[in-house]
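Report on the structure given below.
The values are calculated or read from the model by the stated rules, or taken from the named source; none is laboratory data. These numbers come from a predicted model, not from an experiment. Cβ: placed from backbone, ideal geometry, glycine included. Neighbour counts: every protein chain shown. Quick note on the areas: whole protein, heavy atoms, side chains included, nothing else; ligands and nucleic acids left out. Shrake-Rupley method; radii C 1.70, N 1.55, O 1.52, S 1.80 Å.
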Amino acid sequence: MSGSKLSDALSPPLAGAPRSESHDQPLGLTVHSMPTPQESMPTDAQRTRRGRWQMMAVMLVCAAPVIASYFTYYVIRPQGRVNFGALIEPQRPIPAVTARTLAGQSVPLRSLEGQWLLLSVADAACNADCQQRLYLQHQMRVSLGRNMDRVDWVWLVADDAPVPAALLPALADATVLRVPAATLSQWLPPAAGHDLREHLYVVDPMGNLMMRFPAHLEIANAGKAKGDLDRLLRASAAWDKAAR
């Protein structure tokens with residue numbers, strides 16, 4: 001390159017001479033602020049709200065089988081289907097009282113919770129009607145087959161008299177407890193014109209009295225009562241298992 005050309009290249013432009021666009025336009029920079037630690041992390045209140053929603057979701061998932069089975073049984077009833085037993089509404093929980101075994105041992109009555117209960121009440125002398133109900137309880141439970149272990153056969157004795165010795169061998173599979181008559185009368189409602197000793201009752205695994213079969217149940221109608229039990233056990237199969 002000649003000296004004149006080199007000096008021309010390095011010399012500043014003449015005053016008033018136009019500048020090229022590449023030199024006239026300033027370089028533009030956009031500045032973005034960095035997020036603060038408080039903005040980038042959830043607050044304690046947000047975490048608390050999220051935790052509560054997650055806990056509620058877990059509780060709903062766990063309770064769904066119970067809610068669905070009761071909704072199916074109590075609300076969605078096929079037309080034309082009539083329960084043989086009478087539903088007890090509102091349900092009545094097992095009283096928080098102390099019962100006694102025939103040997104005199106104290107037992108919380110609520111220890112019966114955790115199983116379906118097929119329950120009857122009678123005085124210790126257990127007349128012919130009482131023996132008939134005990135027999136039906138035994139037969140209905142056995143007829144449930146593989147679901148038999150999900151139902152407890154319960155006889156509540158309403159006085160302190162001795163139970164006939166001849167009856168004891170037949171009660172080997174039953175739960176027999178003494179409970180004051182006054183407590184039973186407050187818990188177990190009979191049908192109009194009847195005594196509570198004339199009925200069989202059903203208690204659910206959560207300890208709620210929820211069904212009463214007609215007074216003086218006969219063998220001919222025992223199949224209808226068993227049908228109600230079958231439906232209850234099917235409706236609760238997803239959440240109720242054998243044994244407490």
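Given region 71-195 reduced to its alpha-carbon atoms as identical point scatterers, what log10 I(q)/I(0) does the Debye formula return at q = 0.17, 0.22, 0.23 Å⁻¹? So the normalised log intensities work out to -1.03, -1.57, -1.64. The share of C-alpha pairs in region 126-244 whose separation exceeds 18 Å stands at 54 percent. Rg ratio for region 110-174: its Cα radius of gyration over 2.2 N^0.38 Å, N being its residue count, equals 1.13.
Among the protein heavy atoms of region 92-244, carbon and sulfur supply 53% of the accessible surface, probe 1.4 Å, non-protein parts ignored. Surface exposure of region 88-244, expressed per residue as accessible area with a 1.4 Å probe, stands at 46 Å². Report the local net charge at residue 177: Lys and Arg +1, Asp and Glu -1, summed over other residues whose C-beta lies under 12 Å from its C-beta. Net charge in that neighbourhood comes out at +2.
Net charge near residue 238, counting Lys/Arg +1 and Asp/Glu -1 over other residues with Cβ under 15 Å of its Cβ? Result for the local shell: +2.
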